[in-house]
Structures are given as structure tokens and as C-alpha cells.
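Notes follow once the structure below has been shown.
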């Protein structure tokens, strides 16, 4: 419901939603769904458009949005990489340079292999990581230091393996990482659950474990969680929405209300279920508070796994 104390605002030109991954990637999927619902509910004229700006796990897209400061017609999908990129020195952009509007949902990483892989189970992977982590070449999306990478490193550390020895190939999209595994160029893939549904359905890939608080059900019903193996690895990758920086209260209020309406729709709820996404919608001050908590958690995780530059590590413990 609109706040009567805030003047109303509505778009006066074409609106744009940026996805920092290629078509089919982790940011592209929610962007396309949201655009369809928002165009229908808000009757945008002309319709909201999608712009894919892949690179650096979404960093190129967020840099584009930073250059649109003060323009309420520009939005972008957000993810934890906006935090890890800054901590790792991949980007100088801080999430406070933009306007956090909403958190949408969380999706959890899965550990996938080909059917003929010698990694038949989570225990097989743990043993290999312990013996020589460098022998398990792994494809991840979408950036070094993101949730997928942290999950792999956390499992490796628990197994007693050398995190620094991990052989990792990084791709801008989970679809590219999947292709790398299918082609036999990597033995393991660590990607978000929805990304591999076509291959899992066809039987060309299988899941040996998931990083989630509980089993995901459906295609993943038989895949154990790392928690079941006694490993504290249930982290997921949230997706949200950023607007450009320096927006007025009325502009922020419009988008918060529009996103709340869109995510309350039956179409959105059905998409959550079909993509194995866990609803975590919130707006307002709660979003900023969540990002601040996430920043501390990611910094701590990267530091413990020796992925954080030493200057950042010292700052973390200051």
C-alpha cells in the first residue's frame, strides 16, 4: 500500500531490467519472469526491456547501473557476488553505490557429475578432495569467491583437503559450466539447482549432494544435503533487485510496491516451485540490513578459506 506521506511517481519512459549473466544464466531467469509479470500488472508503455550485460559474475551489469545514478527507470538483478567482488578486489563497486530495493528468493548449489563419473556419492567426493583436491577439476558459475565457490571450498576444508589446490574453471553462466562438465573438461560442477534441470531430467547429469538446509525434493529427492554428512554447508545464493543510486523516496516506493505485487502473484509462486527457489521476499530497511549481515558472513567465509586478499583479511579482523 502506498504511503500517503510520499508523493506518487510512475515511469515516464521505457524501464529496463539488467541481468549480469547471458541468456539462460542465473540472473537472466528471474529477470525474464519478473519482466513478464510487471509488464502485465503495470501495463508499462513501452514494455520493460531486458538487457544482458554478462561478466564478472554480474559486475559489468552493476557497473552499468552505477552509471545511471538518479534514473529510476533502470533496475538490475542482484546476487551475493556484488559483495564478494568488492571483497576480492574484482570490483570497486559497493552495494551502497546502488539502491537495494528487494530480496526475492534463495537458490541452493548442487554438486553434479556425469553418469559415468567415478564420483558415485558425496563420500567419494570427500575422499578425493582429501587425497588430492587438484584432481577434481570443477566448473562453477559465475565468479571466484561466490556462493558456489565458497560451498566447494567449505566442503574441501571439512574433508581435510587443500583449498588452494582446487582446480576451478569459472563461467559467466551456469549453462556454460554445465556444458564444460558434459564435454568431460571438468569432472564436477557446482551450480544452482534450477540450472541443470534439463540435463538431470534427461539423465545426462546426476546430483551427488546439495548445499541446502534440507533436501530439495523433486529431481533432487535422492540427493543428500551436506548437513546430512555432518558438514556445515547449507549456504545459498539469494537474488534481489537493485535500482540505480540516488533515487527519490517516491521512486523507491513505486518499485517496492510493484515488486511486492509481482512476487505475490500465482505466476511467480509457480515459478518458485518449478525452479526449486526458496521465497525470501523483503523490502525496505530489511534489505539493507540483510546485505550488511551478508557482507560480514561472506568476508568471514572468504578469510577462513584463505580466499580473501590479506589487506581485506586484516580489515575483517580489525
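The numbers here are math on the coordinates, done by the rules we state, and not lab data. None of the values given here were measured: they were computed from a predicted structure. So basically every Cβ, Gly included, is an ideal-geometry build from the backbone, and we count neighbours across all protein chains shown.
Listing for the model above:
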read-out: Cα-based radius of gyration of the stretch 177-316 once divided by 2.2 N^0.38 Å, which approximates compact folds; value: 1.29
read-out: Ranked 48, 237, criterion: other C-beta atoms within 10 Å, fewest first; value: 48, 237
read-out: Sequence-separation-based contact order of the stretch 21-74, relative, with Cα cut under 8 Å and 6+ spacing, percent; value: 31 percent
read-out: Cβ-Cβ FRET estimate between residue 43 and residue 248, R0 fixed at 22 Å, reported to 0.05; value: 0.45
read-out: By average C-beta atoms within 10 angstrom, highest first, the peptides 191-203, 17-29; value: 17-29, 191-203
read-out: Acute angle (nearest 10 degrees) that the helix 28-42 long axis makes with the longest principal axis of the chain, alpha-carbon atoms; value: 20 degrees
read-out: Principal-axis tilt of helix 122-132 within the chain, Cα atoms, nearest 10 degrees; value: 70 degrees
read-out: Residue exposure sequence - 252, 241, 112 - by fewest surrounding Cβ within 10 Å; value: 252, 241, 112
read-out: CD proxy at 222 nm, helix term only [per DSSP H run n ≥ 4: -39500 (n - 2.57); per residue of the chain; nearest 500]; value: -11500 deg cm²/dmol
read-out: All-pairs alpha carbon distance profile, the chain, 10 Å steps from 0, percent; value: 6, 27, 34, 21, 9, 2, 0
read-out: Whole-number D in µm² s⁻¹ for the stretch 109-229, Kirkwood Cα-pair radius fed into Stokes-Einstein, 25 °C, 0.890 mPa s; value: 177 µm²/s
read-out: Mean Cα-pair separation over length for the chain, i.e. relative contact order, pairs under 8 Å, 6 or more apart, %; value: 26 percent
read-out: Where only alpha carbons of the stretch 52-94 are counted, the Rg and the Dmax (Å); value: 10.1, 30
read-out: Additional length obtainable on full extension of the chain from residue 165 to residue 297, 0.36 nm per residue less Cα span; value: 45.2 nm
read-out: Dimensionless Rg over Rh [the stretch 43-116; C-alpha; Kirkwood]; value: 1.06
read-out: q = 0.10, 0.11 Å⁻¹: log10 I(q)/I(0) that the Debye formula gives for the stretch 52-182, counting C-alpha atoms only; value: -0.39, -0.46
read-out: Relative exposure of 149, 158, judged by other C-beta atoms within 10 Å (fewest first); value: 158, 149
read-out: Label point distance in nm, residue 221-residue 9, each placed 7 Å from Cα along Cα→Cβ; value: 4.8 nm
read-out: Alpha-carbon centroids, the stretch 76-118 and the stretch 1-68: separation in whole Å; value: 17 Å
read-out: Alpha carbon Rg of the stretch 177-226, scaled by the compact-globule rule 2.2 N^0.38 Å; value: 1.10
